[in-house]
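As structure tokens, the structure follows; a few thoughts come after it.
The values are calculated or read from the model by the stated rules, or taken from the named source; none is laboratory data. Note that the structure is predicted; figures quoted are calculated from it, not measured. So basically every Cβ, Gly included, is an ideal-geometry build from the backbone, and we count neighbours across all protein chains shown.
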Amino acid sequence: MAGDELLYELKNVGFHYPSGEQALEQIDLTINRGEKVVLLGANGSGKSTLLKLLSGLLYAEEGAIRFAGKTLDEESLANEEFSFAFRRRVGFVFQNSDAQLFNSNVWEEIAFGPVQLGLPEAEVRRLVDDVIAMLGLERFTHRPPFKLSGGEKKLVAVASVLSLNPDVLLLDEPTGGLDPRTQRKLIHLIRKLNEAGKTIITTTHNLEIVEEIADRALVFSEDHHLVAAGACLEILSNRDMLVRVNLVDEEFHRHPHGANRILIHAHD
């Protein structure tokens, strides 16, 4: 469950793509420890860029980002002590698993993060074996990642982040391209990890899973602003806003779907 401890605080954050085009503009938001939050917006609205800023892979060009009360920028991450603590606490799963997997077999892939942090061999083995058991990856441990299916690669990418037992998981389109069974497995994992106290921040285009993977939604417009924030049911019920930010088209409708849930779909 989410607590009152402020984890991320962004004030007037801006960032540009290498081309000079604005990626994010004047972003103000807060995320508390233990929340599960979804970032929504059309392609190019800045969702993935925001995840990279939150992970310290990119740095805000305007404004400021604070993590657990400390400024998150290039200077702070150049500090070895801060960087070690931050990388241990925050894990990022890329949208494209192939960009994240490069070791010769699955076991080494999952062990890579703990090894790079210099953890003792016994602790590395324990962390890796625990994650492999959690995700049911035992039969893949000696296989090269490039020989796995898309869904298997995604689970290995998630495992490679979970092996550090981070407090925060940043997931960029985690269910994209997955078969229904693997997608369901990943949704259950997200919920289980959040119930264990982890903060989960996810991007997705699949509005039908939003209420399963998040309690709160942040919506970004195509001009790279944060235009709405609130409970998922509230956000998904605002059809006019969803059309305006190009998340749905005029043919989409919503209907009651169980207790406090809605179903969004297109009518033929």
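Scanning the stretch 1-22 for residues that are modelled with pLDDT under 95 and not acidic (Asp, Glu) turns up MET1, ALA2, GLY3, HIS16, TYR17, PRO18, SER19, GLY20, GLN22.
For (1) modelled with pLDDT of 95 or more; (2) among the hydrophobic types (A, V, I, L, M, F, W, C); (3) under 30 Å from GLU109 (Cα atoms), each residue gets a yes or a no:
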| site | (1), (2), (3) |
| --- | --- |
| LYS153 | no, no, yes |
| VAL161 | no, yes, yes |
| ILE200 | yes, yes, yes |
| LEU207 | no, yes, no |
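Has the stretch 248-265 got any residue that is among the acidic types (Asp, Glu), out of contact with any strand residue (DSSP E or B) (no Cβ under 7 Å at 6 or more places or on another chain) and at pLDDT 85 or above? Looking for residues that are among the acidic types (Asp, Glu), out of contact with any strand residue (DSSP E or B) (no Cβ under 7 Å at 6 or more places or on another chain) and at pLDDT 85 or above, one finds none in the stretch 248-265, hence no. What do you reckon, is LEU189 touching a strand residue (DSSP E or B) at 6+ places or on another chain (Cβ under 9 Å) and either at pLDDT below 95 or not charged (D, E, K, R) (or both)? In short, no. Of everything listed in (1) surrounded by 22 or more Cβ atoms within 10 Å (Cβ to Cβ); (2) closer than 17 Å to SER48 by Cβ, the single unmet condition for SER163 is (2). Is it fair to say ILE31 is in a strand (DSSP E or B), under 16 Å from the mean Cα position of the chain (by Cα), surrounded by 20 or more Cβ atoms within 10 Å (Cβ to Cβ) and not charged (D, E, K, R)? Yes.
The number of residues in the stretch 67-117 being of a type in the set (Ser, Thr, Tyr), modelled with pLDDT of 90 or more, under 21 Å from the mean Cα position of the chain (by Cα) and assigned to a helix (DSSP H, G or I) comes to 1.
Scan the stretch 59-85 for residues that are more than 23 Å from ARG216 (Cβ to Cβ) and either crowded, with 20+ Cβ neighbours inside 10 Å or not hydroxyl-bearing (Ser, Thr, Tyr) (or both) and the total you get is 14. Considering LEU51, LEU57, the condition of being modelled with pLDDT of 90 or more, within 27 Å of LEU137 (Cβ to Cβ) and part of a loop (DSSP other than H, G, I, E, B) is satisfied by LEU57 alone.
The residue list VAL124, VAL115, VAL128, VAL106 contains one member that is free of Cβ contacts under 8 Å to residues at least 40 places away in the same chain and buried (at least 21 other Cβ atoms within 10 Å of the Cβ), which is VAL128.
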